[in-house]
Amino acid sequence: MLIDIVSVFPEYFSVLDLSLLGKAQSKGLVEVRAHNLRDWTHDVHHSVDDTPVGGGAGMVMKPAVWAECLDELLGLEPQDMPQVDPTAELWDEPVQDSAAENPGDAANPGDVANPDNTVDSADTADSAGTAGITDVADTVLIFPNPSAPLFTQRDATQLSHARHLVFGCGRYEGYDARVPRYYKARGVDVREYSIGDYVLNGGEVAVSVMLEAITRLLPGFMGNPESIVEESYTGSNALLEHLQYTRPTTWRGITVPDVLTSGDHGKVDRYRRDQALARTADIRPDLIEKLDCVALSKADRKTLIALGWEVSGRNPRKL
Ligand code: SAH
């Protein structure tokens, strides 16, 4: 996977040389290139921002600088797109309706960097196990943005099927909203994601978060591939994980639950599953509401009933 990151602080990304992501880079599994947006400026001050049109506090990142940079990284020729609605939401139209999946429908199909901009949709052993998980283009342009849909494990799984990811880190009050809309109209698979309901100073941290979540799903990234199969938020019926303990079984007077040292694997599995259901019902009831009752085992349903949920419909409902 090739990862291009554009930022006014590219040195921030030396953090990606550490740990498993660093190893994945030395193994050649991923190649990370961090670029300085100011390299695409032409003025003596290398300025990338200007005052907001309509007034107000702060500065907004200029579209022209971003476009010069992104045209180069995406292999596109500059071109005016007067038909683009500067207020349209990016996610109004699903990706599969865009030029990424149907090059023939693109406003300018010949301009798509890779006209066959799709990955093989044959489902690999993806961990989210949901339809549409490989609905992702070969190249994806991603902008972190607090006023965008939340980035989830499902998005991470989907993006792990792309070949080339290009990230644009915002700073100040953010980037000119026409930039992502323009590239979407040029047939690029463009995404904006928030990593949580809070405001950061810039997109750099958000990109690191997304990259950790995406790259650890790449085949060969984790030493033990099993460790990404049973995790929080993972799988079609996603739950929070059960609690984990290691040795010694008694530490500072606190002993782990007996069942975990019983050697009875069936009992251990059931105990953990019940704990995952109970913790999720308590902390994230919204995840329980999304479970598919038909896919739950009899024992799961019994546990949920005992926790006060009704499980005879399509999805569980809190009584
Ligand atoms: N004025 C904006 C905040 C801009 S913060 C607003 O109120 O919505 C500057 C940049 O930091 C953003 O362009 C984005 O790239 C990044 N950023 C800040 N918070 C973020 C979050 N929760 N998720 C993803 N990116 C974020």
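The values are calculated or read from the model by the stated rules, or taken from the named source; none is laboratory data. From a predicted model like this one, the values you see are computed outputs, not experimental measurements. Cβ: placed from backbone, ideal geometry, glycine included. Neighbour counts: every protein chain shown. With ligands, DNA and RNA removed, areas are computed over all heavy atoms of the protein, side chains included. Shrake-Rupley method; radii C 1.70, N 1.55, O 1.52, S 1.80 Å.
Applying the criterion of being part of a loop (DSSP other than H, G, I, E, B) and in contact (Cβ under 8 Å) with a residue 24 or more places away in the chain to the residues of region 64-78, the residue that is most open to solvent (accessible area, probe 1.4 Å) is GLU77. Is it the case, given these coordinates, that ASP300 is at pLDDT 95 or above, open to solvent by 50 Å² or more (accessible area, probe 1.4 Å) and among the charged types (D, E, K, R)? Taking the combined requirement at face value, the residue does not satisfy it. Given (1) outside any loop (DSSP other than H, G, I, E, B); (2) in contact (Cβ under 8 Å) with a residue 60 or more places away in the chain; (3) among the small types (Gly, Ala, Ser), where does SER227 come up short, assuming only one miss? SER227 satisfies every listed condition except (2). Here is the figure for region 11-63: residues that are free of Cβ contacts under 8 Å to residues at least 40 places away in the same chain, small (Gly, Ala, Ser), farther than 19 Å from VAL205 by Cα and open to solvent by 70 Å² or more (accessible area, probe 1.4 Å) total 2. Which members of region 229-253 meet the condition of being exposed (fewer than 15 other Cβ atoms within 10 Å of the Cβ) and β-branched (Val, Ile, Thr)? VAL229, THR246, THR249, THR250, listed by residue number.
The set of residues from region 157-178 being within 9 Å of the ligand (Cβ to nearest atom) and either of a type in the set (Gly, Ala, Ser) or open to solvent by 30 Å² or more (accessible area, probe 1.4 Å) (or both) comprises GLY168, GLY170, ARG171, TYR172, GLU173, GLY174.
Can you say whether GLU241 is free of Cβ contacts under 8 Å to residues at least 40 places away in the same chain, under 17 Å from ASP300 (Cα atoms) and in contact with a Ser or Thr (Cβ under 8 Å, 6 or more places away or on another chain), as far as the supplied structure shows? Yes: the conditions hold for GLU241.
Among the residues of region 152-186, those that are of a type in the set (A, V, I, L, M, F, W, C) and part of a strand (DSSP E or B) comprise LEU165, VAL166, PHE167.
Pick from region 179-205 the residues that are within 14 Å of the ligand (Cβ to nearest atom) and open to solvent by 30 Å² or more (accessible area, probe 1.4 Å): which of them is farthest from GLU11 (Cα to Cα)? Looking at residues that are within 14 Å of the ligand (Cβ to nearest atom) and open to solvent by 30 Å² or more (accessible area, probe 1.4 Å), I get ASP197. Every residue in region 303-319 that is touching a Phe, Trp or Tyr at 6+ places or on another chain (Cβ under 9 Å) and either open to solvent by less than 20 Å² (accessible area, probe 1.4 Å) or at pLDDT below 95 (or both), please. Selection gives PRO316 alone.
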